[in-house]
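Just below is one structure, and these are the notes that go with it.
A short reminder: the numbers here are calculations on the coordinates, not readings from a lab. This is a predicted model, so every value here is computed, not measured. Neighbour counts are summed over all protein chains in view; Cβ atoms, including those assigned to glycine, are modelled from backbone coordinates with ideal geometry.
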Amino acid sequence: MPLPKDVETTTPKYLRDKYAIVGVGETSYTRGSGRSTRALATWAVKNAILDAGLTPADIDAVLSYQSGDSTFAPFVAGDLGIRLNFFMDVFGGGSSTEALTGMAIGLIEAGMCKTVAIFRAMNGFSQVRIGGTGARSAPPITGDMLHSRAYGWQSAGQMFAPTFMRHMFDYGTRPEQVAAVKAIHSEHASNNPKAYYKKRYTVEDVLRSRIITKPLHLLDCCVETDNGTAIIVTSAERARDCRQPLVLIRGVVGRCTKPRADMHYEAGPISTVAGAYAREILWPNAGVGPADVDLTGAYDAFTFTAMLQLEDYGFCKKGEGGEYVSDGTIRLGGRRPNNTSGGHLCEGYTHGMNMVIENVRQLRAEADDSCPVGEDGRRRHTFDYREGGCRQVRSAEVSANLGWATPATGSAMVLRRL
Amino acid sequence: MAISAEYLGMPLAIDDLDVENLEYFRFCALHDFHLQACAGCGLLRYPPTTACPWCANLESRWQRVEGKGAVHSYTEVHHAIQPAFRGKTPYLILLVELDAQKGKPTPEEGLRVVGNLVTPAGVLAPAEEIRRVGIGTRLRMVFTDVGPGLALPQWTIDEGAKEPENPWRYPQE
């Protein structure tokens, strides 16, 4: 099912660099926030507005995504005194951040609003467990769900595992290669004071942790946390008046799917994920390719999801993802670090927003590590990546976020600093 | 007519407007596996859908399909999420590629039917049987009866088939 040759989807070429992410904000990453999702969202959106050097009156649209587990945009807007020219709350988890960023561009381009706040707020540990345990684990199984849940096939790890296993079968990918994703992200997280897990893990730690569902060990799976996260999107023209160095949106692909999104295991090599389709939109629209990218934010709900996406977006040859994630390339100091905040595996689980926030900070050269802050308020990065040290990528100019919903659905976004 | 039943303590239900699933499971309850065949192009599809994924024809008829195939991929669950499966670990979730319509209409397509590894009687298989199954293992369909009009298609080792010498299993046992 090839894409038509003339596809012009979320960001036609003339929109390159015309929009910017001007503000990023989050709450703390905890297990036990002690707050409602409404309070978490409000806190995160306020932080993003302050980060941009804006006031609530400058925001006229709010988008959010959720899975029946969070507050809605009008409540958050109301709390902050934002009058809305547009709002929409969509049903979605991973891959929504990039998709909604593309939609925000479309909304502004259509003249419907000017400056858009996008948030995701969840008590992913203390209320609706993202791993599917607790209240969500035993609802009545109806209709189409009989083909999955009646077989004990329900959680994200269980649903994705046949893709992971088949990749091992098709390409000889080894558990220790994929475990390197967790080990490397944990090194990154150890230099991120706000990460929920700051401890460094080794490949052996991952392989020795108990099996959840093959091929996933406990430490191949991300951490469930409570948090709110937010970004602010506006035109590059308006962005010049904002407080931060400019981070421009180069290209977006949103919620691109494999054939048979209803039951993707019926079609295509099942060891190939949506990125193999999405990349045909992302790179032409962004006008850059994988070789131009300095750092990536490949969605790490599991170690495997980061590996599969890096491979299918073309950062290495098909089948060589195991080698790519374990040869040092994705480590801080390597050729193209991935998830320098520690990502979902270590910083906290946000359905993708924290990886976009991190890349924006990286492109501003303002990674919030423990390096000293100068009198001008700018961080003096040491580029010493030892535990507790720096996590700023040297000369970061172009980043790529690779968002994952399922093996069959993904979004991606290329950002660059001016 | 709507169906509701209980399996391993889990409430299962199909409402009366979900005619595709009602029909699919009605055949399963007769232990007679059927899939929808497109009235236009004739291709079979799984699971039940409301149109043909290849030609968008809204009409279909139910056609008997032989429940035999080989494991295309799988996972072995050691930490159950649903309370119904806690006490049942380890269990296998299998994607079995049917011999019927294998590699059609394109070489990467096939009818990959979900199920657990069960005994010939339809009960979740014990650990020693799970260890015999990997990618490539030949399986045959059996059914787990749930209630009137409802049985779940499942998979059991096809003892009569020529099995691969070393079906691929996750390397870290």
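Here are a few things to note about the model shown:
- Once you reduce region A:228-279 and region A:344-372 to the center of their Cα atoms, the two points are 17 Å from each other.
- Listed residue (B:43, B:101, B:84) projecting farthest to the positive dipole end of region B:3-157, Cβ model: B:101
- Placed amide H near residue B:91: partners under 5 Å, 5+ positions off or other chain: B:77
- Relative contact order (percent, whole number), chain A, Cα cutoff 8 Å, 6+ residue spacing: 24
- Using Cβ point charges alone (K and R +1, D and E -1), the dipole size of chain A about the Cα centre works out to roughly 280 debye.
- Springs join every pair of Cα atoms under 10 Å in this Gaussian network model of chain B, and among B:103, B:136, B:160 the largest mean-square fluctuation is at B:160.
- The residues neighbouring residue B:71, those whose beta-carbon lies less than 9 Å from its own, together hold a net charge of 0 under the Lys/Arg +1, Asp/Glu -1 convention.
- Under a Gaussian network description of chain A, with springs only between Cα atoms under 10 Å, the residue in A:355, A:112, A:307 that fluctuates furthest is A:112.
- Positive-end ranking of A:230, A:184, A:165 along the dipole of region A:140-247, with charges on Cβ about the Cα centre, is headed by A:184.
- Mean Cα-pair separation over length for region A:127-282, i.e. relative contact order, pairs under 8 Å, 6 or more apart, %: 19
- Taking chain A as a Gaussian network of alpha-carbon nodes connected by springs under 10 Å, the highest mean-square fluctuation of the residues A:151, A:65, A:385 belongs to A:151.
- Across peptide A:208-217, the average count of Cβ atoms from other chains found within 10 Å of a residue's Cβ is 5.
- Listed peptides B:110-123, A:332-345 appear in the order A:332-345, B:110-123 once ranked by packing, highest mean of other Cβ atoms within 10 Å at the front.
- Set the Cα radius of gyration of region A:233-339 against 2.2 N^0.38 Å, with N its number of residues, and you get 1.22.
- Per-residue mean of foreign Cβ neighbours for A:167-179 is 2 (Cβ atoms of other chains, 10 Å radius).
- The C-alpha atoms of region B:96-148 occupy a region whose extents along the principal axes are 35, 33, 12 Å, arranged from largest to smallest.
- Cα-based reach from residue B:102 at 21 Å (exclusive), listing lysines while leaving out same-chain residues under 8 positions away: A:258, B:68, B:162
- Going from the fewest other Cβ atoms within 10 Å to the most, the residues A:313, A:277 appear in the order A:277, A:313.
- Within the straight-line cut-off of under 21 Å between alpha carbons, the lysines reachable from residue A:198 are A:182, sequence neighbours fewer than 8 places apart in one chain being disregarded.
- Of the residues A:352, A:96, A:385, the one whose Cα sits farthest toward the positive end of the charge dipole of chain A, with +1 on the Cβ of Lys and Arg and -1 on the Cβ of Asp and Glu, is A:385.
- 3J(HN,Hα) couplings calculated from phi for region A:403-418 with the Karplus curve 6.51 cos²θ - 1.76 cosθ + 1.60 (θ = phi - 60°) are, in sequence order, x, 10, 9, 8, x, 9, 9, x, 9, 7, 8, 9, 10, 9, 8, 5 Hz; Gly and Pro show x.
- Three-way shape call for region A:324-364 based on the alpha-carbon gyration tensor, with the a/c threshold at 1.5: oblate
- Cα gyration tensor category, rounded, prolate or oblate, for region B:1-103 with a/c compared to 1.5: oblate
- Region A:8-157 shape via C-alpha gyration tensor axes, a/c threshold 1.5: oblate
- Calculated over region A:126-245: convex hull of Cα atoms, volume per residue (Å³): 208
- A straight Cα-to-Cα reach below 15 Å connects residue A:46 with the aspartates and glutamates A:26, A:58, A:60, A:79, residues fewer than 8 places away in its own chain not being considered.
- Local net charge near residue A:141, Cβ-Cβ under 13 Å (Lys/Arg +1, Asp/Glu -1): -2
- Cα principal axis extents for chain A, largest first, Å: 53, 51, 50
- About its Cα centre, the dipole of chain B is roughly 280 debye, where the only charges are +1 on Lys and Arg Cβ and -1 on Asp and Glu Cβ.
- Amide H contacts of residue A:247 (H built 1.01 Å from N, under 5 Å, at least 5 apart or other chain): A:21
- Inter-chain neighbour count for A:152-164: the average number of beta-carbon atoms from partner chains within 10 Å of each residue's beta-carbon is 6.
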